[in-house]
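Asks: So that we are looking at the same thing, I have put the structure below in structure tokens.
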Amino acid sequence: SAVISQKPSRDICQRGTSLTIQCQVDSQVTMMFWYRQQPGQSLTLIATANQGSEATYESGFVIDKFPISRPNLTFSTLTVSNLSPEDSSIYLCSAQGADEKLFFGSGTQLSVL
Amino acid sequence: GIQVEQSPPDLILQEGANSTLRCNFSDSVNNLQWFHQNPWGQLINLFYIPSGTKQNGRLSATTVATERYSLLYISSSQTTDSGVYFCAVGGRETSGSRLTFGEGTQLTVNP
């Protein structure tokens, strides 16, 4: 199984600013994803982080608001831009292992004031 | 897109009891996984099971793809089993890696 380190674990940000979340996997993986989990709710896929090319965004999520980088097979970042209180949520990095299983980081809890 | 329904939404058990959680999905899938989110928020992958039956200790899962449902069985439940159980599926129209999550079953196991 892949071990995923995600940071920061939590942050409190002012509206209008941005937060960048880092995700490091302990082995090379083909597929990496970013999810959002709002309080008490299920997970929603934001985008697929593609190595060396632009991320693939799900309906309702756009690159200007959620720019994603993936410079190599073990690392990705998600930036949440122009923050508003509605962006307060948990953001989760995930990676697909060789056995098709999806593994998750411990999440970043974002609060926007 | 594919729809995922989990039942029951909430379940309260006494320690030692058995339970069955259900996941229904609206279309053919080539990827189905069960996760446990513990009270601290960490998601643990329990099973990758697009079809057939698997067992891991006190947990087992069965997916009947032709009838579009999966079941997660928890036997001899323990307080550490508490948390939210999610079913997630990937449809054939995509690579199958992009998963859609159900709303989850909140399980509470009392001592």
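The values are calculated or read from the model by the stated rules, or taken from the named source; none is laboratory data. Remember, it's a predicted structure, so these values are computed and weren't measured experimentally. Because the Cβ atoms are built from the backbone with ideal geometry, glycine has one as well, and the counts that use them run over all protein chains shown. Heavy atoms of the whole protein, side chains included, go into the accessibility calculation; ligands, DNA and RNA do not. Shrake-Rupley method; radii C 1.70, N 1.55, O 1.52, S 1.80 Å.
Asks: Being among the β-branched types (V, I, T) and open to solvent by 70 Å² or more (accessible area, probe 1.4 Å) is the filter here; which residues of segment A:21-55 pass it? Full working, then the answer.
Replies: In the first step, residues of segment A:21-55 are kept if they are among the β-branched types (V, I, T); the result is A:21, A:25, A:29-30, A:44, A:46, A:48.
Scanning segment A:21-55 gives a single hit, A:T30.
Asks: If we keep just the residues of segment A:26-69 that are in a strand (DSSP E or B), more than 13 Å from A:L92 (Cα to Cα) and more than 11 Å from the chain's Cα centre (by Cα), which is nearest to the other protein chains (Cβ to nearest Cβ)?
Replies: For segment A:26-69, the residue satisfying everything is A:T56.
Asks: For segment B:1-25, what are the residues that are modelled with pLDDT under 95 and open to solvent by less than 70 Å² (accessible area, probe 1.4 Å)?
Replies: Within segment B:1-25, just B:I2 meets the criteria.
Asks: Ok, one more. Residues in segment A:86-113 that are touching a helix residue (DSSP H, G or I) at 6+ places or on another chain (Cβ under 6 Å) and hydroxyl-bearing (S, T, Y): how many? If you could, list the steps in order and put the result at the bottom.
Replies: Taking segment A:86-113 as the starting set, the residues that turn out to be touching a helix residue (DSSP H, G or I) at 6+ places or on another chain (Cβ under 6 Å) are A:112.
So of that shortlist, the ones also hydroxyl-bearing (S, T, Y) come out as none.
The qualifying residues number 0.
Asks: Separate question: What are the pairs, 6+ residues apart or on separate chains, where a residue within segment A:49-78 that is in contact (Cβ under 8 Å) with a residue 12 or more places away in the chain has its Cβ under 6 Å from a residue that is of a type in the set (K, R)?
Replies: Once the first residue is in contact (Cβ under 8 Å) with a residue 12 or more places away in the chain and sits in segment A:49-78, its partners that are of a type in the set (K, R) give A:A49/A:R70; A:Q51/A:R70; A:S76/A:R70.
Asks: Could you please let me know if B:E15 is in contact with a helix residue (DSSP H, G or I) (Cβ under 7 Å, 6 or more places away or on another chain) and in contact (Cβ under 8 Å) with a residue 40 or more places away in the chain? Lay out the reasoning, then the answer.
Replies: Details: in contact with a helix residue (DSSP H, G or I) (Cβ under 7 Å, 6 or more places away or on another chain): yes; in contact (Cβ under 8 Å) with a residue 40 or more places away in the chain: yes.
Spelling it out, B:E15 is indeed in contact with a helix residue (DSSP H, G or I) (Cβ under 7 Å, 6 or more places away or on another chain) and in contact (Cβ under 8 Å) with a residue 40 or more places away in the chain.
Asks: Only one residue in A:L83, A:L102, A:L113 is in contact with a Lys or Arg (Cβ under 6 Å, 6 or more places away or on another chain) and over 14 Å from A:Q6 (Cβ atoms). Which one? Steps first, answer last, please.
Replies: On the way: A:L102 fails: in contact with a Lys or Arg (Cβ under 6 Å, 6 or more places away or on another chain); A:L113 fails: in contact with a Lys or Arg (Cβ under 6 Å, 6 or more places away or on another chain).
The match here is A:L83.
Asks: What's the number of the condition B:L13 fails, among (1) under 23 Å from B:G90 (Cα atoms); (2) in a strand (DSSP E or B)?
Replies: (1)
Asks: Suppose we filter segment A:71-106 for residues that are surrounded by fewer than 18 Cβ atoms within 10 Å (Cβ to Cβ) and either closer than 16 Å to A:I46 by Cβ or at pLDDT 95 or above (or both); how many remain?
Replies: Counting residues in segment A:71-106 that are surrounded by fewer than 18 Cβ atoms within 10 Å (Cβ to Cβ) and either closer than 16 Å to A:I46 by Cβ or at pLDDT 95 or above (or both) gives 10.
Asks: If you go through segment B:67-111, how many residues are more than 14 Å from B:P39 (Cβ to Cβ), assigned to a strand (DSSP E or B), out of contact with any helix residue (DSSP H, G or I) (no Cβ under 8 Å at 6 or more places or on another chain) and more than 14 Å from chain A (Cβ to nearest Cβ)?
Replies: Of the residues in segment B:67-111, 5 are more than 14 Å from B:P39 (Cβ to Cβ), assigned to a strand (DSSP E or B), out of contact with any helix residue (DSSP H, G or I) (no Cβ under 8 Å at 6 or more places or on another chain) and more than 14 Å from chain A (Cβ to nearest Cβ).
Asks: Out of contact with any Phe, Trp or Tyr (no Cβ under 7 Å at 6 or more places or on another chain) and within 30 Å of B:E5 (Cβ to Cβ): does that describe A:P39?
Replies: yes
Asks: May I pose another question? Answer yes or no as to whether B:T62 is under 13 Å from the mean Cα position of the chain (by Cα), more than 11 Å from chain A (Cβ to nearest Cβ) and polar (S, T, N, Q). Steps first, answer last, please.
Replies: Values: under 13 Å from the mean Cα position of the chain (by Cα): yes; more than 11 Å from chain A (Cβ to nearest Cβ): yes; polar (S, T, N, Q): yes.
Judged against the criteria, B:T62 is a match.
Asks: So, in segment B:41-59, of the ones that are over 10 Å from the mean Cα position of the chain (by Cα) and closer than 16 Å to A:I4 by Cα, which residue ends up nearest to the other protein chains (Cβ to nearest Cβ)?
Replies: Checking each candidate, the answer is B:L43.
Asks: Quick one: which residue in B:T66, B:T20, B:T62 is β-branched (V, I, T) and touching a residue at least 40 places away in the same chain (Cβ under 8 Å)?
Replies: B:T20
Asks: Condition first: among the hydrophobic types (A, V, I, L, M, F, W, C), farther than 17 Å from A:Q96 by Cα and either assigned to a loop (DSSP other than H, G, I, E, B) or open to solvent by 80 Å² or more (accessible area, probe 1.4 Å) (or both). Can you find one or more residues in segment B:46-55 that meet it?
Replies: Taking every residue of segment B:46-55 in turn, none turns out to be among the hydrophobic types (A, V, I, L, M, F, W, C), farther than 17 Å from A:Q96 by Cα and either assigned to a loop (DSSP other than H, G, I, E, B) or open to solvent by 80 Å² or more (accessible area, probe 1.4 Å) (or both).
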